Every structure is written in C-alpha cells, then in structure tokens.
Amino acid sequence: MISLDFELHWGMRDHTTVDPSVSRSLVTSRSEVLNLAALFAQRGVRATWATVGLLFATSGAEAKALSPSDRPAYRDPRLDPYTEPIGATEEEDPLHLAGSLVDSLARTEGQELGSHTFSHYYCLEPFGPLERNDAAPGARAVAFRADLEAAQAAAARKGVRLRSLVLPRNQWDQALAPVLVETGFECYRGPQPGWAHRSRPGADSGLAVRAARLASTWAGPAVPTFAWTELVEPSGLHNIPASAFLRPWSPSTKALQSLQDGRITKALRDAAQRGRVVHLWWHPHNFAAHPAENVARLHRLLDEVDRLRASDGMVSLAMGDASDMARGEQPAA
C-alpha cells in the first residue's frame, strides 16, 4: 500500500517561507504528481493521494467559498492557514491551488483521491490562550468536523466521495474518531508503531524525537507489517498504520540508502508470505530535488512487488481498497 501526502505549501507554511528555492521545488513537485500517477498506472499500482482540500480549488475565490466558518483557533497564530494569501488563479498561485492536478489524479487509473484534511488541520495543537483541558475536546471536535465537511464538499464538486484520511503531522486523537465516521470517512493512516512515531503536538517533537525517527529509517526494529484483524477499530473505522516513510534519495545519505531499501524489501516479503499489510508513504515534493534517483529507486522496489505478485500473490491496494477488504468485501474497481 502506498499513500502520498499531497499538500504543496499548505504543509509547510507555518515554518517555511516562500523563497525562490522553495517555490522552485514546489512547482517542480507539481510535475512529480503527474509523473508518479502515470508511473503507478503503468506499473499497476493503486495509491491513495491524501490531498489538502484547499488544493481542490482552481481560484482564490473558490478556495474562499469552500472554507468553513468554524475554524481552528490555534494558540500559535502561525498555524492558522486562513491567514495565508492565495492568488486569484492556479496559474498565478501554483503553490496553494491545484484543481487541475486533482482533476488529473481523479482521471488516472487506480488512483484514489483521499484527504489530508481541508486546511492541513492539526488535531493535537492547543487552541486559544485561555483553553482549558476539559473544554479542548469539544472545541476541537467542532472545528475538526467543519474542516472534514469542507473537504468532502470540495471533493463532491468533482464527483468524488472521500473515504480515506491522512492526518497532518500524523497527529491523531482517538476521541475524534466519531467525527470521521459522521463525515463519511472509513479509514485513516495511523502513526507508525514506536515511541518516535507516536502522535504528539509539535512542541513535543524535539531533537531527540527527530533523531530517533531518522535513525529508524536505517536501523532498529524491523519495518512493521500488519494483520488484517489489526485494522478494525470499535468505532467502525479502519486504522491502516504507516509501516515506513520512504525517505528520499539525497547525496548526503546515499551511502545508507541500501539499508532502508533492504528493510523495506524484507517487509514486502513478510507481508506477501504471511498475508499481511505493508504501508509506505511520502510527499510528492520529496522527489523534486533528485527525481531521477528517486524514481529509479521506486522502480526497484516495485520490481520486488512484481516478483512477489508472481510468487506469493501480493496485491497493490489503495487505502479505500484495504478498508473494503477489512470488511470482507472486494475492493471497488
């Protein structure tokens, strides 16, 4: 299983300004979206594109019209996405509007449009300075519901019903599970197992956490796979946890690349031979800096998938497909 966090500048706006290098990288990543989707279709790979709802818009006016009236009141004002300037058209503002790319993904065989929330919503960041802990869940639930309803409305304009959700920064609060069910979602990507990857607010993601996450790319416990029975939750949702972030190729870490590839290959073989799930994820913009090296590496991993298709019956599933199978149903075409 592959899921991609498609967010452009919405996913980094609170900590990255739009300087020329960032702009070039994100504009390049728009091409990578199309290239990756075409590659997946060619290789028979079904993937989930978890897309920020604001990217469904093709104009600033449309983005404004789709935005909910109930909005998150983050304690840190830098997290508020609704203060971000948006250009008039997608051509003028390719970092915040991507309706044409969403249309292309919807037309590409085997690709599922999922949600990365409407506004790149953070489930665990505290609200306003006077927030009390006992009031927080209710305040968050109202804003979260409005956000997911806006995401479904944006998708509905394109004839799509969103089934699969990926939480920004993997911030998941189990108390919000009923909101997902009530807004039409069937599954979400839970955090990768392990201390370094558990859900936590940004203030708790210090140097030790980031270092542990980085180290787990190349060493430590095996890349996890999951039994189908592990996916089903009492709420009726299906939690399809991450197995590993496919860390992009980089000159600074190229000597270590084979370590992660070997770990992922072992996980693929384990999943195929034992009938389990392995779930890889990354951002399209991760391929922008070194596209040739990243695509070549992806082809090598997909070659292993093809070998396992032939030898052990491995199948490629989008998140929505996995949700169907966890219910004992055949995936929709």
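The values are calculated or read from the model by the stated rules, or taken from the named source; none is laboratory data. Source: prediction; values computed, not measured. Counting neighbours? That spans all protein chains shown, and the Cβs are built from the backbone with ideal geometry, glycine included.
Count of the stretch 175-230 residues, restricted to those that are of a type in the set (Asp, Glu), touching a residue at least 12 places away in the same chain (Cβ under 8 Å) and either surrounded by 15 or more Cβ atoms within 10 Å (Cβ to Cβ) or not in a helix (DSSP H, G or I) (or both), is 1.
Among the numbered conditions (1) outside any helix (DSSP H, G or I); (2) surrounded by 20 or more Cβ atoms within 10 Å (Cβ to Cβ); (3) not hydroxyl-bearing (Ser, Thr, Tyr), the only one that Phe144 does not meet is (1).
In the condition set (1) surrounded by fewer than 18 Cβ atoms within 10 Å (Cβ to Cβ); (2) under 26 Å from Thr51 (Cα atoms), Lys254 is compliant with all but (2). When Trp49 is tested against (1) crowded, with 21+ Cβ neighbours inside 10 Å; (2) part of a helix (DSSP H, G or I); (3) hydrophobic (A, V, I, L, M, F, W, C); (4) in contact with a helix residue (DSSP H, G or I) (Cβ under 7 Å, 6 or more places away or on another chain), only condition (2) is not met.
Among the residues of the stretch 26-40, those that are among the small types (Gly, Ala, Ser) and buried (at least 20 other Cβ atoms within 10 Å of the Cβ) comprise Ser29, Ala37. Selection of the stretch 88-114 for residues being closer than 22 Å to Phe185 by Cα, in contact (Cβ under 8 Å) with a residue 24 or more places away in the chain and charged (D, E, K, R) yields Asp103, Glu109, Glu112. Tallying residues that are in a helix (DSSP H, G or I) and of a type in the set (Val, Ile, Thr) within the stretch 52-101 yields 1. If you go through the stretch 70-98 and pick out every residue that is in contact with a Lys or Arg (Cβ under 8 Å, 6 or more places away or on another chain), of a type outside the set (D, E, K, R) and surrounded by 15 or more Cβ atoms within 10 Å (Cβ to Cβ), you end up with 5.
Set side by side, the residues Glu304, Glu293 differ, and just one is surrounded by fewer than 18 Cβ atoms within 10 Å (Cβ to Cβ), modelled with pLDDT of 95 or more, in a helix (DSSP H, G or I) and touching a Pro at 6+ places or on another chain (Cβ under 9 Å), which is Glu293.
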